[in-house]
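Each remark here refers to the structure printed beneath this line.
Quick note: the coordinates plus some simple rules give every number you see, no bench work behind them. Here the structure is a predicted model, which means the values were calculated and not measured. Note: ideal-geometry Cβ built from the backbone for every residue, glycine included; neighbour counts use all protein chains shown.
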Amino acid sequence: MQDYHIHTLFSADSTLSMEEACRHAVKLELNEIAFTDHMDLGDNTEGYCLKIRDIKQYLHTINTMQDHYGHLLSIRKGIEIGLQPHVIKDAEKMICEYSFDFIIASVHLVNGMDPYLGEYYQGMTKEQSYRSYYEEILRLIKKYDSYSVLGHLDYIKRYSPFAYEEGDHLLGLDVVQEILKTLIIKGKGIEVNTSGYQHSSECPMPHPSIIRMYKELGGEIITIGSDAHSLKHIGHQTAQAIELIKGAGFSYLTAFDAGYPRFIKIK
Ligand SMILES: [Zn+2]
Ligand SMILES: [Zn+2]
C-alpha cells in the first residue's frame, strides 16, 4: 500500500504537517509514502504558482521524518513539478541540484491560465478545452525529461465548468494516446490519482480506460497517489485503485529510490 502524492504545509494550499502525515500513514498501515509538495516555477504575480519556499528545509524535514518513522514506514523525497514551456530549463536545473527519489510532472497551467479558473474555458467547447490541455502536456513532455511519472493526466475534468458525462474520457483521445506513447518511449510512468474518486466522475485520474490504454501500449510504470492536502485524504481509496490497476493488467506497482524505479508485486 503506497501513497505517492501527499502535500504538506510546504505547499501554500495545505496545512498538514509531515509529522501528522507520517503518523496517520502508519495508522493506515501504508508501507510507503512520498511527500510531493508543489514546485510551480515561474512568476507568481497572479498567485497561481505554488512553490516550496525553502527547499533545503523541506528536504531536511523529510530526513527527520525518515529518522523518526523510517522503521515503520518508507518515506520518499518527492516533488510535484508544475510544467510550463518557459520553466523547463529552470525545472531541470532544480532537479539536478537536489536529490529527489520521485518526481511528479504535472501541468496546472495552459498559456498561463489555470483550468481551475473560468477564463481558461472562454470561447472553447468542452472538446476544445480538453484537447488544448492534452496538447500542452504533449508539447511539454516531448521537451522535458526530469521526472518519474506524469501527474493526474486528465486533470482538466477536475475543475471543468462543463458537466461531466460518461464518454468524456474519449475527448481528445488521439492526443492522449500520443502522450502515453511518448511516456512509454521515454521510460516514464503515470500516476493513478485517487482524488478523482471525489469528483463527479467517481473514478481516478486518469480514467480507467486511459490506464488500460497505457498498459496495452506497453506501459509498466504506475504509482498510486491521493493528492492529499489534508489528513483525511491520505491513502484515500488506495485499495480500490490497486484493484483497478490489477484489472487493467498490471502485476506490479512502482516505487522510486533516487529516481530509479523499483517494482513491487501486487498481491
Ligand atoms: Zn497537481
Ligand atoms: Zn498535487
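About its Cα centre, what dipole magnitude does the range 119-267 give when the only charges are +1 on Lys and Arg Cβ and -1 on Asp and Glu Cβ, stated in debye to the nearest 20?
On the way: 17 positive and 18 negative charges, 105 e Å.
For this selection, approximately 500 debye.
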Q) Quick one: Kirkwood hydrodynamic radius for the range 124-267, alpha-carbon pairs, angstrom, one decimal? A) 15.5
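About the Cα centre, and with charges only on the beta carbon of Lys, Arg (+1) and Asp, Glu (-1), how big is the dipole of the range 136-207? Nearest 20 debye, please.
Details: 8 positive and 10 negative charges, 91 e Å.
Dipole about the Cα centre, nearest 20: 440 debye.
Using just the helices of the chain, give the 222 nm mean residue ellipticity in deg cm²/dmol: DSSP H runs with n ≥ 4 each add -39,500 (n - 2.57), and the total is spread over all residues, rounded to 500. Could you put the intermediate results ahead of the total?
On the way: 8 runs with 89 residues, N = 267.
Dividing the helical sum by the residues of the chain leaves -10000 deg cm²/dmol.
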(Q) Using a 10 Å cut-off around each Cβ, can you sort 150, 140, 217, 171 from fewest to most neighbouring Cβ atoms? (A) 217, 140, 171, 150
Q. What trypsin sites (Lys or Arg not before Pro) does the range 105-212 have in DSSP loop regions with at most 15 other beta carbons within 10 Å?
A. 186
Q: Only Lys, Arg, Asp and Glu count, each charged at its Cβ (+1, +1, -1, -1), so figure out the dipole size of the range 76-160 about its Cα centre, rounded to 20 debye.
A: 140
Q: Express as a percent, rounded to the nearest 5, the fraction of DSSP beta bridges in the chain (both residues included) that run antiparallel.
A: 25
Q | Vicinal HN-Hα couplings computed from phi for the range 98-114 (Karplus, 6.51 cos²θ - 1.76 cosθ + 1.60; Hz; Gly/Pro x) | A | 10, 9, 10, 7, 8, 10, 9, 9, 10, 10, 10, 9, 10, 6, x, 10, 9
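For a quick check of your reading of the filter: which trypsin sites (Lys or Arg not before Pro) in the range 1-70 sit in a DSSP loop and have no more than 13 other Cβ atoms within 10 Å?
Values: sites: 23, 27, 51, 53, 56; in loops: 53.
Filter output for the range 1-70: 53.
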Q: Of the DSSP beta bridges with both residues in the range 1-107, give the percent that are antiparallel, rounding to the nearest 5.
A: 5
**Q.** Between the range 143-169 and the range 74-102, the Cα center-to-center distance that results, in Å
**A.** 20
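Relative contact order (percent) for the chain, with alpha-carbon contacts under 8 angstrom and 6 or more residues of separation? Intermediate values should be presented prior to the final figure.
Details: 505 pairs, mean separation 54.6, N = 267.
Dividing the mean separation by the residue count of the chain yields 20 percent.
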Q) Which residue, chosen from 130, 91, 65, occupies the Cα position most advanced towards the positive end of the dipole of the range 16-156, where the dipole is computed from +1 (Lys, Arg) and -1 (Asp, Glu) charges on Cβ about the Cα centre? A) 91
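From the square roots a ≥ b ≥ c of the eigenvalues of the alpha-carbon gyration tensor of the range 1-160, which class results: rounded (a/c under 1.5), prolate (a/b over b/c), or oblate? It would help to have the intermediate numbers written out before the result.
Details: a/c = 2.07, a/b = 1.75, b/c = 1.18.
Prolate shape, in that a/c is at least 1.5 and a/b is the bigger ratio.
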